[in-house]
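Structure record follows, encoded as structure tokens.
Taken together, the values in this text are just the output of simple stated rules run on the coordinates, not laboratory data. Keep in mind it's a predicted model, so treat the numbers as computed, not measured. FYI the Cβ positions are ideal-geometry reconstructions off the backbone, even for glycines, and counts take in every protein chain you see.
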Amino acid sequence: MSKNFWKADSSLIPILKICLAPDSQVEPMLREWESTHLVEVIDGGLIRYIPFLYRRFLDLNIEPRDNFILRGVYFKSWWAQTVFQRENLEFLFGLDEKFPKFALLKGTALQYSIYSSDPRTRPCDDVDILVNSSERYSAVQYFLDAGFRLDSVYTLDYVMNFRKSAPFTRAGISIDLNWGLYEYSRYPSNLSDFKFRRIKAGANEINLLSDTDNLVHSIIHGSGWNPVPSTRWILDAALLIKNGN
């Protein structure tokens, strides 16, 4: 598999710009893009933006040429976040005092932050949580005792010693346990180094990283090579900057 980095081109850069454009410029920019491109050029990195775009068009009473395709992607995301993610979150909110203190991370965390007006506009496939590096073993043991299995090509011993995270699954529940934010950092992660805020999530309260720490994490996390184009992290970073908290 080629390890070339994603390179910006004339068909995809406008998609990013439409996401972030002032309301008055969204439709002219959309029509210009539609005049020369098919929706099929949107790649695996930018397909994450489609629910966000559809919501913008809907709020601005704009009907895109490919409305039914965009609507289908949006409602697929709606189903995934409403049904699939609910099971993940219900499990996390039901954890007892034996599980270490944790914060939501990545997509699900951002759904409660910059995408809070419509969390379905930020698709994600699982729930990431962050625990203190020194408590990762007790968190893993809790998952194993609860019937989870490590969903990785690596052994448990390897991920615990040489990686920053590990995915665990059980009967439709998928949790990515993180104990570090940067894969290649030799500095041990410690929750006291980061700023957190506690927010309401329905009947529950959750911890999130500050927007500043989420921004740095989004940029660094998206900078490494990945078979899925890392453009999917650009909108997160841009909205965190616009949010400015």
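Cα convex hull, the chain: 140 Å³ per residue, rounded to a whole number. Look at the alpha carbon pairs under 8 Å that are at least 6 residues apart: their mean separation over the length of the range 125-218 gives a relative contact order of 26 percent. With q set to 0.10 Å⁻¹, the log10 of I(q)/I(0) for the range 61-191, from the Debye formula over equal scatterers at the Cα positions, is -0.38. Rounded to the nearest Hz, the phi-derived 3J(HN,Hα) couplings of the range 158-172 under the Karplus curve 6.51 cos²θ - 1.76 cosθ + 1.60 (θ = phi - 60°) are 5, 5, 5, 9, 10, 10, 9, 7, 8, x, 10, 10, 7, 6, x, where x marks glycine and proline. Here the contact order of the chain, divided by its residue count and restricted to Cα pairs under 8 Å and six or more residues apart, works out to 20 percent.
Which of the trypsin sites (Lys or Arg not before Pro) across the range 94-125 are loop residues per DSSP, with 16 or fewer other Cβ within 10 Å?
Values: sites: K98, K101, K106, R120; in loops: K98, K101.
Filter output for the range 94-125: K98, K101.
No solvent, one uniform scatterer per C-alpha: report log10 I(q)/I(0) for the range 5-74 via the Debye equation at q = 0.18, 0.27, 0.28 1/Å, two decimals. Cα-only, vacuum Debye calculation for the range 5-74: -0.63, -1.54, -1.66. Normalising the Debye intensity of the range 133-245 to I(0), with uniform scatterers on Cα atoms only, and taking log10 at q = 0.14, 0.18 Å⁻¹ returns -0.74, -1.19. Put a plus charge on the Cβ of each Lys and Arg, a minus charge on the Cβ of each Asp and Glu, and nothing anywhere else: the dipole of the chain about its Cα centre is then about 220 debye.
For Cα pairs less than 8 Å apart in space and 6+ apart in sequence, what is the mean separation divided by the residue count of the range 127-169, i.e. the relative contact order in percent? Don't skip to the end; give the middle numbers.
Details: 23 pairs, mean separation 15.5, N = 43.
Reported relative contact order: 36 percent.
Distance between the C-alpha centres of the range 28-74 and the range 205-225: 26 Å, rounded to the whole angstrom.
At 0.890 mPa s and 25 °C, plugging the Kirkwood radius over alpha-carbon pairs of the range 85-143 into Stokes-Einstein gives what diffusion coefficient in µm²/s? Don't jump to the answer; show the numbers that get you there.
Details: Rh = 12.4 Å.
For these conditions, the coefficient is 198 µm²/s.
Stretched out straight at 0.36 nm per residue, the stretch from R197 to M29 would grow longer than its current Cα-Cα span by 56.8 nm. With N as its number of residues, the range 125-178 has a Cα radius of gyration that, divided by 2.2 N^0.38 Å, comes to 1.02. For the chain, what is the percent of antiparallel DSSP beta bridges, rounded to the nearest 5? Of all bridge pairs located within the chain, approximately 80 percent are antiparallel. Strictly greater than 26 Å: what percent of every Cα pair in the range 1-128 meets that? Looking at the range 1-128, the distances longer than 26 Å represent 33 percent of pairs.
Given the Cα-Cα distance of W79 and S152 and 0.36 nm per residue of separation, how much length would full extension add, in nm? That works out to 23.7 nm of additional length.
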